[in-house]
Structures are given as structure tokens and as C-alpha cells.
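Chemist: Sharing a structure with you now.
The values are calculated or read from the model by the stated rules, or taken from the named source; none is laboratory data. Nothing here was measured: the structure is a model prediction, and the numbers come from that model. All Cβ positions, even for glycine, are placed from backbone atoms using ideal geometry, and neighbour counts span all protein chains on display. Surface areas here come from the heavy atoms of the whole protein model, side chains and all, with no ligands, DNA or RNA. Shrake-Rupley method; radii C 1.70, N 1.55, O 1.52, S 1.80 Å.
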Amino acid sequence: MFAQRVWGIDLGRSAVKGVLLTPAEDGVEVLDADVIPFEGSPPDPSQDPTRDGRLWKALRKFQEKHQLHGAAICVAIPAQNTLVRELTIARVGRRRLEEMVRFEASNEIPFVLDEVIWDYTLFDEAPDEPTRQGLLLAVKKNVIQTYLRVLAQLEMTHVDLITLAPLALLNLVRLEQGGSARALALDVGAENTNMLAVEDGRFWLRNMLTGGNRITVLLQEEFELEFEEAQRAKENIGRSRYAKQILAAVGPAVHELLRNVKTNLTYLGRDRGAKGFETTYLTGGGAKLPGVREQLTNTLRLQVQDMAELRHVAVSPEADVEFISANLDRLVVAIGAGLSGLDKDVSGISFLPKGEARVAQISRSKGLVFAVGVCLWAIMLTLYGFGLKVQKAIVEPLHDYRELATITTAKDQELDAARDTGAEEEALQEVLHAARGKNQIFRILDDVVWSFSAANRASRYRFQILALRCTDVERDRAVREARRQDTPTETPHSPAEPDLTEEFCWTTGYVKGRILAPRGSRPGEAYRRLIEDLVDDLRNRPALAKASGRATFQKGRHAVSAEAGDWSELVRSGDLIRALPDGDWAVVAEAVSATELNLTDPWAADDFVGDYVLAQVALVQFKERALEFTVRFETPRAEPTRLDGLLPSENP
């Protein structure tokens, strides 16, 4: 998302902070800013921030004072009730990556995924690293919906992004320090303190249950004050004649904050290998407390940088420069939220539902839509006047056309309904996610479903699964023997079963399906699409392969030799073998020995020494009139080694 003017709004626990930003030559420029403090005593710190009525009163005052229309709105919310987990993902393709992250999310998030809004970010790694590190973040969906509902009541319907306060702070740190610096940011808020550690393109988030309200409560109890009086005493310690007594009262809270910071820094240095930090930012309302900056410098050896020294954030002469300078410590999260709307978002994480994002885009385009509507209305009036003159000449053809269009639409709807297998695929995907990785049969089912999905995306033909059977031969041997005695001859609709008397253990099965062909297509074309789009893809699936390894192919010869393995028990006549990554399939005649087999035809390609894959996936039945088919597959019960690294295709 990129806009010319962006309001960054920080919905904190003690005030609503807002900053209006616009791009500048070397960063951003602040056009306007405001801080609306909450009125009254705070609720229980453990309470959901969205239930704090003081927040919505302050937000209404902010909305009444400032013109929000005409600019994008990016909102930062507290990270208090946010789930943060570290991710480790294998380096795979984009499609496979989304599937793996969703699987990790289902394991790490202790809620049903439909009840939360979650997103993730991955750090940049060296190209030779086999895995990538990152963070997974989740917020309860009802929390986000409460924010959006109240914002809508305040006529703030065009919210473009919702992020977390520490992620907004990350945007500002990266803008100031660049991508390779080592920096630490402590945002001391009212109820919590967020710690952000940035190092060489990575970052870590920590939330500590210590904040400015903790100090206010200590003053309230020590001097028997009302909350507002204690808050004013805290903010004016430097000018109070009781400064010494006040500092003594707030000392335990300051030491607790420093202890939590030291504990988390120790964790980062020991378990995450974080090195010393070059720069430390101290932000938030608690940043102005006397003694905090000195304690960080003396006790923890951290060099704290003044927020007034920001190099890439300028203040417009038309803005209230004095107010912004005095409150810059409290405005940094709002500035970071605004950076997300100026194409300077580091993490790319947003908790705004996709539907609400589209509403925001439409809301910003209302003026353009109105102008286009006026033009269209004028064009329609002109066409209507012209149409009256020719109406009599086209009434009857138009009537016939409408009848034909009605019939065509009904047929198209029937075909679309038949093609729509989304609900069935989603239900089956839930089952496969629950059992994925547990046994070989579920991996086979997984690959079959993905092959059908990939074929449907690649072709204008649609392939439906009518029946799918997958059996562990050794486990079902007794049952199959009894069935064979009861039914001496197999039915014409069932594919042939393998010889069950062999000692080698197999997993075998078949999938029956139907082709939904476009109107006017021929059975021959449907058969060709079936072979090229579906059957060939099934042969490339890891779970359906019989073996892989390295072998030698010689042009013009029938013999193929392997470097290792046992083909004598594994290979059957009619199996298919292929040289990776893009060789043609060849038919196996027989296995001569444990490491040698013969092909039915001489090897037609050039000499080849490298990786191969062996499979038994065959189309055993095709009905031209009904466009129904049966594909049989067979694979050893033990999964072949090195298979994932050799096969060129991956699940979409």
C-alpha cells in the first residue's frame, strides 16, 4: 500500500496519539500531530483494551478535531493480548511455503484458526541455508472486530492497516538505522513495556507487564492521592519540592523494569546469539521518568539516544513544531504506523481482514466513483434517446436473444455448479491436515488430491474424484483372501489387484474420476488432457513413486543399471522409469538382477548418469461416453529414500 498522506494512529492504554505524514526526500515529513489523554482511572490491567471506554471517548475527540478523510489510516494497537511464536521453515517454493506455515500455525496457536487473525514474517537468510527463521503472530478475531466496529461508529470506515505497536516501532527504527544495524527500542507504555531488538535483518519482540501506571499506583498508595493527582505528580517530578520522596516511592517499579529488561537481554544473548546493541531508543510516556535513562546507561551499559535526534523524520513549518518536539517520545509508535502506509512497512504484517481492506479502498475512491457515475448516467440518457428510434426494428430479435441467453445462462450455471468442488476439497483438506505425516496412506491421499487440484488449475477441463481406494496389502491380506474366496471373479469396474502371495509389502490402490469437458469438446481431446495434465502429474508425486536413486542409461541399449538398491523384488513388468529432471517415461520389461533391469524399447535419449525415479501409475480404464476413468497405482509400503530431493515437482 502506498499513499501520499497517511494518518498513523496509536491506540495506546493512556492516550490516543495521531500523526499525519507525507513522503519527503530523505524520509517522511510530519504535517500534523496530536495527543488526546484518557480521562479517569484506568480499568484492571488484565482487561481487554477494547473494553476501556476512555479509549473511545478520546478517539471521538481526536476525530472531531482533525479531518481524517482524504488520507489513508494505519492503526497501531497494543501487543498485550498478542500471541508471538518463533518459526523455523524449510526453504521451499512459495505455494508449499504457505501450506507449511499454515500447518505450523495450527500447531502453535492454541485456538481454532477461524477464531484468530494471524500473519507471519520470515527473515532474509543466506541462499545456502536449508531453513528460514521468522515470527508468527496472532490476535483473537473478536478483538479486531471490536476495534473495527467502534471505528465504524466514529465514521472511520476506511482503515487501511492494523498493526501492533512494537511492529510500528520497528518501521521507525529501520528507517533511522537501516537494515544491518543493531538497535534496541524500549517503549514504556501505561500498562506494558515493549522491547524490540533488531540485528542484521532480524528482530525479536518481548512484552513486559511493567508500565507507567504501575508507578502511578505506587504514588497513589504512598501519598493517598486520587489517580489523576498521582499521574500529575509523576509527570512533574522534576518541578516538585517532594521530588526526593516521589523518586523513593517509584524506585521499586523502576528497578522491576530494569530487571525485566536485563533478563530479556540475557535471553537474547544466550539463546539467540544477539550481540551488543549500537543504539538504544527509549520511548513512550515512561521515557521521561527521572533516573530511567541514567539507570539504563549505568546498570545495563546501554547508550540511550534522544528521540529528538531523528534524522529521517522532519516536521513541517506549518505544524506545531514545539508540541511535536515536546511529545516526540509518545508519538513514535504513531509515526511508525504511518510509515506502513508510505511503503516503508518492514514486517508486512497486518491484522486487518481482507474484506475490510477492500472497503477502505472503495471508501477512498468515492469521489472518483461519483464522477464516473455521473458520466455513465449521461451516456445512458443519450443511448436511451437513440434506442427509442430503433426499438421497433429490434424487438423480435431481442426477444429471441433473451430466451437463448436464459437457456445458456442456466446451462452455464449447471456446469459451474458441477465444477465447484471447493467445499469437498476443503473438507478433505481438513482431514488430510489432521493426519499428514502420520502414515504412508495419508501421504498418498494427499498427493492424489493435490494432483487433481493442480490439473484443474492448469486445464480448461475439470477432473472430479468419484472414488479413491488405498490399501496396505500386508495388513489386509487375510481380509482380501476371504473376499477372493467369496468372489472368484473380479467385477469389470474394479482394477486388477496385485499378486498378494509375494513376500514384498505393497501399498496399492486406485482412483476413479470423471472429466467435465467444455461444450463441444471431443473424447479424444479429453483423453489427451487426462494423460498430460493428471496422470503424468500423479507419476511425479513423491508418495506414489516406487524408488529413486542414481542409475546409468545408455543410448540404444535396453539395459539400465543402478548404483545401489534391490530391483529384483521391487520392479515389476510394466513399471515406468524416468531420468530426472525432465526425461521421458520408459516402460520396464523385467528386472534382471538387484541392480539391473531391461526396458521394452532401447533407450532413445543420450547417455545419462544421474538421478532416476521409478513409478507404477497407470490408466487402466477410460469410458468415452461417460468420460469416466480409473487410474491404478502401486508403491512399496516403506517410503523410498532421497525421494523428496529428486522429484522435480511439488504440491501446489
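Chemist: Of the residues T157, T146, only one is within 30 Å of A314 (Cα to Cα) and surrounded by fewer than 20 Cβ atoms within 10 Å (Cβ to Cβ); which? Break it down into steps so the answer makes sense when it comes.
Modeler: Numbers: T146 fails: within 30 Å of A314 (Cα to Cα).
Going through T157, T146 in turn, just one is within 30 Å of A314 (Cα to Cα) and surrounded by fewer than 20 Cβ atoms within 10 Å (Cβ to Cβ): T157.
Chemist: Give just the number: which of (1) assigned to a helix (DSSP H, G or I); (2) open to solvent by 40 Å² or more (accessible area, probe 1.4 Å) does V101 not satisfy?
Modeler: (2)
Chemist: As an exercise: evaluate V28 against (1) closer than 17 Å to V333 by Cα; (2) touching a Leu at 6+ places or on another chain (Cβ under 6 Å); (3) surrounded by fewer than 21 Cβ atoms within 10 Å (Cβ to Cβ) and give the number of the one condition it does not meet.
Modeler: (3)
Chemist: Something else about it: With the structure loaded, tell me whether D160 is within 28 Å of D10 (Cα to Cα), of a type in the set (D, E) and in contact with a helix residue (DSSP H, G or I) (Cβ under 7 Å, 6 or more places away or on another chain) or whether it fails that test.
Modeler: Working: within 28 Å of D10 (Cα to Cα): yes; of a type in the set (D, E): yes; in contact with a helix residue (DSSP H, G or I) (Cβ under 7 Å, 6 or more places away or on another chain): yes.
Judged against the criteria, D160 is a match.
Chemist: Moving to a separate point now. Conditions first: (1) over 22 Å from N142 (Cβ atoms); (2) crowded, with 19+ Cβ neighbours inside 10 Å. Q80 passes all but one, so which condition is the exception?
Modeler: With respect to (1) over 22 Å from N142 (Cβ atoms); (2) crowded, with 19+ Cβ neighbours inside 10 Å, Q80 is out only on (1).
Chemist: Only one residue in D44, D52, D114 is open to solvent by less than 40 Å² (accessible area, probe 1.4 Å) and acidic (D, E), so which one is that?
Modeler: Values: D44 fails: open to solvent by less than 40 Å² (accessible area, probe 1.4 Å); D114 fails: open to solvent by less than 40 Å² (accessible area, probe 1.4 Å).
Residue meeting the stated conditions: D52.
Chemist: A further question on this structure: Quickly run through segment 328-352 and pick out the residues that are in a loop (DSSP other than H, G, I, E, B), surrounded by 19 or more Cβ atoms within 10 Å (Cβ to Cβ) and not β-branched (V, I, T).
Modeler: Listed by number, the residues that qualify are G341, K344, D345, S347, S350, F351, L352.
Chemist: Can you tell me which residue in segment 541-577 is nearest to the chain's Cα centre (by Cα), limited to those that are under 29 Å from A455 (Cβ atoms) and assigned to a loop (DSSP other than H, G, I, E, B)? First the steps, then the outcome.
Modeler: Looking only at segment 541-577, we keep the residues that are under 29 Å from A455 (Cβ atoms), and these are 541-549, 551, 553, 570-577.
From what is left, the residues that are assigned to a loop (DSSP other than H, G, I, E, B) are 541, 571-575.
Working: R541: 25, V571: 42, R572: 44, S573: 45, G574: 43, D575: 40 Å.
So the residue we want is R541.
Chemist: Let me ask you something else. How many of the residues in segment 592-610 are open to solvent by less than 40 Å² (accessible area, probe 1.4 Å) and within 41 Å of the chain's Cα centre (by Cα)?
Modeler: Looking only at that region, the number is 1.
Chemist: Report, by residue number, each residue of segment 611-621 that is under 13 Å from V511 (Cβ atoms) and crowded, with 17+ Cβ neighbours inside 10 Å.
Modeler: Taking segment 611-621 first, the residues under 13 Å from V511 (Cβ atoms) are 617-621.
The answer is V617, A618.
Chemist: Among what's in segment 623-641 and is within 23 Å of L576 (Cα to Cα) and open to solvent by 50 Å² or more (accessible area, probe 1.4 Å), pick the residue that is modelled with the lowest pLDDT.
Modeler: T641
Chemist: Something else: Here is a check on your reading of the model: is R202 among the charged types (D, E, K, R), open to solvent by 30 Å² or more (accessible area, probe 1.4 Å) and in contact (Cβ under 8 Å) with a residue 24 or more places away in the chain? Please lay out each step first, then the result.
Modeler: Working: among the charged types (D, E, K, R): yes; open to solvent by 30 Å² or more (accessible area, probe 1.4 Å): yes; in contact (Cβ under 8 Å) with a residue 24 or more places away in the chain: yes.
So R202 passes the test.
Chemist: Let me ask something else about it. Give me the residue from segment 520-561 that is without any contact (Cβ under 8 Å) to a residue 40 or more places away in the chain and farther than 18 Å from D584 by Cβ and, out of that set, most open to solvent (accessible area, probe 1.4 Å).
Modeler: R522
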